[in-house]
Structure formats: C-alpha cells, structure tokens
Amino acid sequence: MNNENIKQNFSVIPGLNMGLFSPKDLAGILDIINRYDVPATKITGAQRLALLGVEKEQMKAIHEELKPFIRESVPNGVTYVQACPGQEWCRYGKADSFALGKKLEKLSFDEPFTAKVKVGVSACRMCCTEPYLRDVGLYASKSGWTLVFGGNGGGRPRIGDVVAKKLSDDEAVDLAQKCLTFYQKEARPTSRSSRFMERIGIEELKKHVFE
C-alpha cells in the first residue's frame with residue numbers, strides 16, 4: 001500500500017447521548033455519512049462517533065448537518081460521560097445509568113477545567129464503563145450508587161478512590177459536583193484528577209466535600 005494514499009484525517013463528533021441512538025436518528029446520521037462518502041466510521045471508547053478519513057474542507061459542513069443529532073454542550077462541563085445500557089436494557093442493571101449520565105452531562109462550573117474530566121456510569125458492579133479508571137466513576141448496587149474519584153487509564157493508570165456509597169441519583173450528582181469543584185479550585189495547571197488525588201489523598205478530599 002502506498003502510504004501517500006492513506007487518509008489520516010478524522011473528526012470526533014461529541015454529544016451523541018452516551019452512544020445511544022434511536023433507529024430514526026441513526027438513519028439520519030447514516031444518510032449524512034453516505035452523502036459525504038465518509039470512508040469509515042467508528043464508535044470510540046468514549047461512546048462518541050469518529051468519522052475517519054474525512055477531508056478537512058468537508059468537516060465543517062458535516063458537523064453543521066449533524067447538529068440536530070448533537071446535544072448542546074454546557075459551559076465548562078465535563079469532557080464526556082460514558083454510560084452502560086442500564087436497567088432498562090440490561091438484566092444485570094440495578095439503576096438507570098442513562099438518566100444519571102444526562103444529569104452529569106448538564107453539570108456546569110464557574111471556570112473551565114485545566115485538564116480532561118471523564119465520567120463513567122455503570123448500572124451494576126460489573127463496571128462495564130470502567131468507573132474506577134475515570135475522573136468521576138459511579139456504579140450501582142441494590143443499595144444505591146457508589147462514587148469513585150481520581151481514576152485514570154493511559155500510561156500512568158490509577159484506581160480511583162471510593163468517596164461514598166449508597167447514594168441516590170441526586171446525592172450522586174451533588175457529590176460529583178462537589179468533588180469536581182474542589183478539584184477545579186485546588187489542582188495544579190494541566191493536572192488530571194488522578195495526579196491531584198495522589199498529591200492530596202482521599203481523606204483531604206472527603207474533609208472538604210463533606211463539610
């Protein structure tokens with residue numbers, strides 16, 4: 001294969017409702033992809049849509065046509081939320097992961113974060129969205145949500161710390177916001193939550209968020 005012919009351009013479409021599509025929406029997205037002759041598509045690990053091999057001059061037009069299928073992003077919100085199918089679609093699910101994910105997507109903060117903030121929501125202890133490896137992770141059991149903070153994958157992986165258990169949906173969202181607000185105010189520039197937690201420790205975080 002001639003390397004000069006390989007198209008390495010790609011564009012990731014954010015805000016596609018945690019990877020959940022209605023058949024009607026999927027048909028609309030597919031129509032756009034076909035009309036622009038997009039060479040390949042991929043659902044990313046973050047449950048977003050990647051358009052592969054797209055020419056740069058096409059990207060703006062494609063994004064414009066995809067707007068009806070994309071949720072409006074909030075100012076200074078999290079980078080993305082991953083969610084499993086939840087109790088409505090999975091026999092193991094103990095809670096509505098999409099409903100909680102939508103609430104977390106709407107969180108807005110006074111200032112932008114200095115680094116990515118990834119959220120994983122799993123409706124059972126199998127933790128399909130890897131909440132222990134997310135900045136904010138939540139997984140459900142019969143007694144409620146467990147919130148984990150400061151996880152990270154990548155080259156320097158870190159298992160997140162359990163902040164609290166047996167949380168309702170509203171309690172989980174409120175505590176996630178408190179953890180992220182404290183991180184936002186106290187983290188060093190470009191520091192991910194994993195490095196932040198290595199520096200301050202779980203007890204210091206709990207002291208501030210449970211005051």
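The values are calculated or read from the model by the stated rules, or taken from the named source; none is laboratory data. In this text the structure is predicted, and so the values were computed from the model without any measurement. Ideal geometry is used to build each Cβ from the backbone, glycine not excepted, and the neighbour counts take in all protein chains shown.
Residues in the stretch 82-97 that are buried (at least 22 other Cβ atoms within 10 Å of the Cβ) and either over 20 Å from residue 15 (Cβ atoms) or among the aromatic types (Phe, Trp, Tyr) (or both): 95 only.
Scanning the stretch 108-143 for residues that are surrounded by fewer than 18 Cβ atoms within 10 Å (Cβ to Cβ) and assigned to a strand (DSSP E or B) yields a single hit, 141.
The number of residues in the stretch 181-211 that are surrounded by 14 or more Cβ atoms within 10 Å (Cβ to Cβ) and among the basic types (Lys, Arg) comes to 3. Within the stretch 61-77, being assigned to a helix (DSSP H, G or I) and β-branched (Val, Ile, Thr) holds for one residue alone: 62. Among the residues of the stretch 154-186, the ones that are at pLDDT 95 or above, not charged (D, E, K, R) and not in a helix (DSSP H, G or I) come to 8 in all. Residues satisfying the criterion are absent from the stretch 84-107 (criterion: in a strand (DSSP E or B) and under 18 Å from residue 17 (Cβ atoms)). Selection within the stretch 128-158: residues that are β-branched (Val, Ile, Thr) and touching a Ser or Thr at 6+ places or on another chain (Cβ under 9 Å). The member of this set that is farthest from residue 94 (Cα to Cα) is 136. The set of residues in the stretch 131-183 being on the phi > 0 side of the Ramachandran plot and of a type in the set (D, E, K, R) consists of 166 alone.
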